[in-house]
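The values are calculated or read from the model by the stated rules, or taken from the named source; none is laboratory data. The structure presented is a predicted model; accordingly, all values stated were derived computationally and were not measured. Cβ placement follows ideal geometry from the backbone for every residue including glycine, while neighbour counts extend to all protein chains displayed. The protein model used for the area step is the full one, side chains on, heavy atoms only, and it has no ligands, DNA or RNA in it. Shrake-Rupley method; radii C 1.70, N 1.55, O 1.52, S 1.80 Å.
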Amino acid sequence: MKYLVAIHHPDDYDPSVEDEAMTAAIDGLNDEMIAAGIRLFVGGLFPPDRAKSLSAQSHGGIIVTDGPYLETKEHVAGFWVLEVANMDEALVWGRKAVIACRAPVEVRQFH
């Protein structure tokens with residue numbers, strides 16, 4: 001089964017808090033995921049002010065607006081797509097991501 005492990009940052013997140021120890025912890029987690037053969041994809045995302053949102057209009061057109069679709073106080077900063085046996089195993093990796101990234105994590109199964 002495939003799972004998304006998404007890192008959440010507050011919208012006012014300051015990337016300067018990402019010191020060498022944090023970078024080493026994230027690199028170590030990536031290495032561990034690769035060694036376990038479970039990491040399918042990983043990606044970091046630019047801040048939400050660099051996003052574009054598209055939505056359908058009643059007349060059939062599409063409108064493009066600046067910023068994320070949802071107006072929240074947090075955003076997805078990056079993510080992993082993992083292939084593991086079940087949610088329990090995905091949560092093991094999610095816990096490691098919380099520690100390495102020093103941020104909240106969401107774990108969700110793909111259909």
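The table that follows gives values for the structure above.
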item	result
Computed magnitude of the charge dipole of the chain (debye, nearest 20; Cβ of K, R +1, Cβ of D, E -1)	440 debye
Among V81, V42, V17, residue whose mean-square fluctuation peaks in a GNM of the chain (springs only between Cα atoms under 10 Å)	V17
Dipole magnitude of the range 1-49, debye to nearest 20 (Cβ charges: Lys/Arg +1, Asp/Glu -1, about Cα centre)	480 debye
Listed peptides 103-111, 91-99 by packing density, highest first (mean Cβ within 10 Å)	91-99, 103-111
For the range 33-75, size of Cβ-based charge dipole, Lys and Arg +1, Asp and Glu -1, in debye	180 debye
For A36, net neighbour charge (Lys/Arg +1, Asp/Glu -1) across residues whose Cβ lies under 11 Å away	-2
The chain - percent of accessible surface contributed by carbon and sulfur, probe 1.4 Å	58 percent
Signed unit charges on C-beta, dipole axis of the chain, positive-most listed residue A97, A25, Q57	Q57
Å² per residue, accessible surface of the range 6-111 at 1.4 Å	69 Å²
GNM result for the chain, Cα springs below 10 Å: residue of L45, L70, L29 fluctuating most strongly	L70
Exposure of F46 as accessible area (Å², to 10), given a probe of 1.4 Å and all protein chains	140 Å²
Most mobile of P15, P48, P68 in a GNM of the chain (Cα contacts under 10 Å)	P15
Unit charges at the beta carbon, dipole of the chain: most positive-side option, P15, T72, I38	I38
Area of T65 that stays accessible when all protein chains are in place (1.4 Å probe, Å², to 10)	60 Å²
Kirkwood-based Rg to Rh ratio, the chain, C-alpha trace	1.04
